[in-house]
Amino acid sequence: MERIVSRGERIRYKCIRSGTCCGSGPNVALTAFDICRIARFLNTEWRSLVGRYIYAVIADQIPIPVLRGINNRCVFLQTSNSLPTCSIYPARPRRCRLFPFIPISPSIKDKMYVSRICP
Ligand code: SF4
């Protein structure tokens, strides 16, 4: 069960660059904006991302684009100076920008999950 924080509640955390969030998936759902931002960052057309970096999972008969994982690591996760590094950091998806906070649902705007996998 994930912890839930409410609007106005304060929570302190510091990223220690464990890479856990990027290496425990892949489960990063993408918006159309995410896909366009990544394509622009990689200076390519969005269709060229499909299969190589992105695929679709089917949830309740609805296809949802997600980042591809290789050996349970995000396809964009690399190692730089012995630290896990996102190779598309300026264009990373919204879910990555929000992490360790995770939206509960579009209709719940005053609460969010806090991931338990984040050390
Ligand atoms: S896109 Fe970057 S920040 Fe997001 S999971 Fe992949 S490596 Fe991590």
| query | Could you say which residue among PRO84, PRO90, PRO100 is within 15 Å of ILE117 (Cα to Cα) and in contact (Cβ under 8 Å) with a residue 40 or more places away in the chain? | reply | PRO100
| Selection count where residues are assigned to a helix (DSSP H, G or I) and buried (at least 16 other Cβ atoms within 10 Å of the Cβ), scope segment 1-45 | 5
| Looking at (1) touching a Ser or Thr at 6+ places or on another chain (Cβ under 8 Å); (2) free of Cβ contacts under 8 Å to residues at least 12 places away in the same chain; (3) open to solvent by 50 Å² or more (accessible area, probe 1.4 Å), can you tell me which one ASN72 breaks? | (2)
| Does any residue of segment 54-68 turn out to be farther than 18 Å from PRO100 by Cα, open to solvent by less than 80 Å² (accessible area, probe 1.4 Å), of a type in the set (Phe, Trp, Tyr) and touching a Lys or Arg at 6+ places or on another chain (Cβ under 6 Å)? | no
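Going by what's in this entry, would ARG97 be described as within 12 Å of the ligand (Cβ to nearest atom) and assigned to a helix (DSSP H, G or I)?
yes
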| remark: Quick count over segment 95-119, residues being in contact with a Pro (Cβ under 7 Å, 6 or more places away or on another chain) and open to solvent by 60 Å² or more (accessible area, probe 1.4 Å), is 0
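Pick from segment 75-94 the residues that are closer than 13 Å to ILE38 by Cα and within 8 Å of the ligand (Cβ to nearest atom): which of them is surrounded by the fewest Cβ atoms within 10 Å (Cβ to Cβ)? Walk me through how you get there before you give the answer.
Residues of segment 75-94 that are closer than 13 Å to ILE38 by Cα, as a first pass: 75-76, 86-94.
Among the residues that remain, those that are also within 8 Å of the ligand (Cβ to nearest atom) are: 75-76, 86-89, 92-93.
Values: VAL75: 19, PHE76: 23, CYS86: 18, SER87: 14, ILE88: 19, TYR89: 11, ARG92: 21, PRO93: 24.
Looking at residues that are closer than 13 Å to ILE38 by Cα and within 8 Å of the ligand (Cβ to nearest atom), I get TYR89.
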| request: For residues that are of a type in the set (A, V, I, L, M, F, W, C) and not in a strand (DSSP E or B), tally how many sit in segment 100-113. | output: 0
| query | When segment 50-87 is examined, which residues are found to be assigned to a strand (DSSP E or B) and of a type in the set (Phe, Trp, Tyr)? | reply | TYR55
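The values are calculated or read from the model by the stated rules, or taken from the named source; none is laboratory data. No experiment lies behind these values; they were computed from the predicted model shown. In this analysis, Cβ positions are derived from the backbone assuming ideal geometry, glycine residues included, and neighbour counts consider all displayed protein chains. Note: accessible area is taken over every heavy atom of the protein model, side chains too, but ligands, DNA and RNA are not part of it. Shrake-Rupley method; radii C 1.70, N 1.55, O 1.52, S 1.80 Å.
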